[in-house]
Amino acid sequence: MPLSFAAAKVRVKTKYEAQGFSLKHEIALGKRNEGCLLLWEKEGKKVLVMLRRLDVDRTCVSYGEIKDDGK
């Protein structure tokens, strides 16, 4: 994503909040604000998003749905 880490984080938060998700957990990665994990939830659906700073104006975004198989 061609955005700074801070701008990418705001964009991701805005996107998920607009879709009705609520942020359940936020975990910082690294000592110098290098990334974070965000756990979002909506009606039992959970999505884990990882943001990682690549450069001053580039951020990597990865995400996936957490499936609860009842175990």
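We did not get these values from a lab; they are worked out from the coordinates using the rules stated. Remember, it's a predicted structure, so these values are computed and weren't measured experimentally. Note that we place each Cβ from the backbone using ideal geometry, even for glycine, and neighbour counts take in every protein chain shown.
What to note about this one:
- Straight-distance candidates among the lysines for linking to Lys67, with alpha-carbon spacing under 29 Å and chain neighbours fewer than 8 residues away dropped: Lys9, Lys13, Lys15, Lys24, Lys42, Lys45, Lys46.
- The ellipsoid equivalent to the alpha-carbon distribution of the range 1-41 has semi-axes of 19, 14, 5 angstrom, derived from the gyration tensor eigenvalues as √(5λ) and listed largest first.
- Stretch gain in nm, segment Asp69-Met50, where the contour uses 0.36 nm per residue and the Cα spacing is subtracted: 4.6 nm
- Using alpha-carbon coordinates, inclination of helix 5-18 to the longest axis of the chain, degrees: 30 degrees
- Measuring spread by the Cα atoms of the chain yields a radius of gyration and Dmax of 12.7, 42 Å.
- Virtual spin-label span in nm between Lys42 and Ser62, 7 Å along Cα→Cβ: 2.3 nm
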